[in-house]
Amino acid sequence: MANSWRRERWDSLHLLTPNWQCRLPGYPYSGADPHGFMTMPELVAHIAGFAAASSAPVRTHTTVTCVRRIDGGYRVASDRGEIRCRTLVLASGAANIPRVPQVRQGVPQHIECFTAFDYRNPERLPPGGVLIVGASATGVQLADEIQRSGRPVTLSVGEHVRLPRNYRGRDVLWWMDASGVWSQRYDEIDDLERARRLPSPQLVGTPEHATLDLNVLRAAGVEIVGRLGAIRDGRALFSGGLANQLALADLKMSRLLDTFDAWACDNVSHAEVGPTERFEPARAPASPRLSIDLRSDEIRSIVWATGFHPDYGWLDLPVFDRRGELRHDGGVVLGVPGVYAMGLPVLRRRKSTFIRGAEDDARDVVGHLVRYLAEGVRTV
């Protein structure tokens, strides 16, 4: 149960969401630290507690090997037998396989490569400099941890989402929740495809409720460079557009904070939140490096913090688009009757991939499933 949280996360990882937001359907957080951030063992225990409280018939140590359509429904084959069902919910998530770019093929053989699934702690890295590719939540957290271990760190930055940990005296995710931003439906978003591709925000869960952004990392000694565009003849080549990426992230953050302020003006008193805040812009290096010679000893390992994608290798159904992504309308899988999805980015709301988002999405998806079983209705 909760295998990915047990086996595929680094040792020091904490959730980005405060504990009070770790609500599963009918199962809120009940511990002594509602404003803290769960460790991975604590999250595993929370999920196990939910399974026990709900009396869910969970089959552990069972690997699904194939799903195929049969008359009247579907055949789910596993290494411990098969299940036949009329409806099927795909809840395997969006982070099953690390997404590593093609430029990985140009890395010299003497450099060790890791993904966020491989990395456990700095001590498992070889001595020497580390290049981290990707500056979303994973990238900035690993850059901070590895830099603190004494290794020189270079962070390659592409598109990213910058957020403060706290805003006007409240956790920034309280604002996302209370203001309704998180609850915006997928069919209300102008560019849904882009929204589903956005990287995770630059946040970290610490007892200090600290902000972790590029300014903090630069002050700690992390070198910031642009997006990794290519590796040619042993040289890593970085984009010259770093300043533009930083400015764009600052602009998007300011617009989001404006949204919070507008909501607060109409919905909360001055006693409930602090005064309006604005933050120092992200500072780009005066002359960021555009290349690094990977044939030298400067970089001894690379960590690819470049995101994840689902693994549907076991799903033998005609449900994929030309890019291999699951075709669905708000979790109702297209092309086959009675198949649903959960846990994908902006599945039905902006909060769909967060634990807090599971309950509302599940209620909608199960409502459709029940109508399908009763009537065969295909409405969303």
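The values are calculated or read from the model by the stated rules, or taken from the named source; none is laboratory data. Because the structure is a prediction, the values reported are computed rather than measured. Please note: Cβ atoms are built from the backbone with ideal geometry, for glycine as well, and neighbour counts cover all protein chains shown. Note: accessible area is taken over every heavy atom of the protein model, side chains too, but ligands, DNA and RNA are not part of it. Shrake-Rupley method; radii C 1.70, N 1.55, O 1.52, S 1.80 Å.
Results, tabulated for the structure shown:
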quantity	calculated
Qualifying residue in region 362-370 (condition: β-branched (Val, Ile, Thr) and touching a strand residue (DSSP E or B) at 6+ places or on another chain (Cβ under 7 Å))	yes
Candidate set: region 327-338, residues that are closer than 12 Å to Tyr186 by Cβ and open to solvent by less than 40 Å² (accessible area, probe 1.4 Å); chosen: the one farthest from the chain's Cα centre (by Cα)	Val332
Considering residues of region 231-266 that are free of Cβ contacts under 8 Å to residues at least 12 places away in the same chain and over 26 Å from the mean Cα position of the chain (by Cα) only, the residue farthest from Trp175 (Cα to Cα)	Asp233
Residue check, Gly324 within 27 Å of Ile231 (Cα to Cα), of a type outside the set (A, V, I, L, M, F, W, C) and open to solvent by less than 60 Å² (accessible area, probe 1.4 Å)	yes
For Glu123: the one exception among (1) of a type in the set (D, E, K, R); (2) farther than 19 Å from Glu8 by Cα; (3) surrounded by fewer than 17 Cβ atoms within 10 Å (Cβ to Cβ); (4) touching a residue at least 24 places away in the same chain (Cβ under 8 Å)	(2)
Filter result for Arg227 (open to solvent by 20 Å² or more (accessible area, probe 1.4 Å), in contact (Cβ under 8 Å) with a residue 24 or more places away in the chain, under 24 Å from Val107 (Cα atoms) and under 22 Å from the mean Cα position of the chain (by Cα))	yes
Criterion: among the aliphatic types (A, V, I, L, M), open to solvent by less than 10 Å² (accessible area, probe 1.4 Å) and more than 21 Å from the chain's Cα centre (by Cα) - qualifying residue of Val130, Val140	Val130
Flag for Arg356 being within 27 Å of Thr63 (Cα to Cα) and surrounded by fewer than 16 Cβ atoms within 10 Å (Cβ to Cβ)	no
Listing of helices (runs of 4 or more DSSP H) fully contained in region 144-224 that carry 1 or more residues being among the polar types (S, T, N, Q) and surrounded by fewer than 19 Cβ atoms within 10 Å (Cβ to Cβ)	214-219
Residue under evaluation Ala51, criteria (1) assigned to a helix (DSSP H, G or I); (2) closer than 24 Å to Gly313 by Cα, criterion not met	(2)
Residues of region 27-44 satisfying the condition of being open to solvent by 60 Å² or more (accessible area, probe 1.4 Å) and among the small types (Gly, Ala, Ser)	Ser30, Ala32
Residue among Val76, Val67, Val58 that alone is farther than 30 Å from Trp174 by Cα, touching a Leu at 6+ places or on another chain (Cβ under 9 Å) and without any contact (Cβ under 8 Å) to a residue 60 or more places away in the chain	Val76
Search result, residues across region 285-312 that are free of Cβ contacts under 8 Å to residues at least 60 places away in the same chain and of a type in the set (A, V, I, L, M, F, W, C)	Ala286
Only one of Ala341, Ala362, Ala374 that is buried (at least 19 other Cβ atoms within 10 Å of the Cβ) and either at pLDDT below 95 or within 16 Å of Gly72 (Cα to Cα) (or both)	Ala362
Residue count for region 10-26, restricted to those that are surrounded by fewer than 17 Cβ atoms within 10 Å (Cβ to Cβ) and out of contact with any Lys or Arg (no Cβ under 8 Å at 6 or more places or on another chain)	2
Residue among Arg69, Arg6, Arg59, Arg75 that alone is assigned to a helix (DSSP H, G or I) and open to solvent by 60 Å² or more (accessible area, probe 1.4 Å)	Arg6
Considering residues of region 78-113 that are within 30 Å of Arg235 (Cα to Cα) and part of a strand (DSSP E or B) only, the residue farthest from the chain's Cα centre (by Cα)	Glu112
Positions within region 225-264 being aliphatic (A, V, I, L, M) and part of a helix (DSSP H, G or I), in sequence order	Leu242, Ala243, Leu246, Ala247, Leu248, Ala249, Leu251, Met253, Leu256, Leu257, Ala262, Ala264
